[in-house]
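Only the coordinates and a few stated rules stand behind these numbers; no lab work does. Remember, predicted model here, so these are calculated numbers, not experimental data. All Cβ positions, glycine included, derive from the backbone under ideal geometry; neighbour counts span all protein chains shown.
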């Protein structure tokens, strides 16, 4: 089962949307028909920020590697850092879950971010998702704060030096 990790192509927007919709059915998911939507994923693809983990050429997972300087997320990070990316929109097809692919996707995303010149990776995890919080901590991400965002959900902010 050879894996590849590469940016999604412009013709793959429907594939990304299908992964997002399928992943929204997973336990602990807070995704719905509104997020992530066609516009958000389309922007990620247009900026070469959405990546697919492919198995035998077929996309089975996705993640966006966003330049934090261009994101408008109001999170109380304890310090400002330059060359920081935000890892967001991690989604794994349900039939591919339980095989360690979230951790593999995160590991490959960190490598891709480093290759793009980022020195720090940050991400937000829903406080009530024990699975992702465990994965991020196991991968070496350090908790840097907590906040309620979008008036609806409590998040933990994580950071990793690349």
Worksheet entry | Rule-of-thumb Rg ratio for the chain [Cα; 2.2 N^0.38 Å; N residues] | 0.96
Fill in: Where labels lie 7 Å past Cα in the beta-carbon direction, separation of residue 148 and residue 74 in nm
1.3 nm
Fill in: Sequence-separation-based contact order of the chain, relative, with Cα cut under 8 Å and 6+ spacing, percent
20 percent
Worksheet item: PRE reach from residue 21 (point 7 Å along Cα→Cβ): which of the range 88-130 fall under 16 Å by backbone N?
Response: 92-95
Worksheet item: So for 3, 28, 118, 75, fewest C-beta neighbours within 10 Å to most, what's the order?
Response: 28, 3, 75, 118
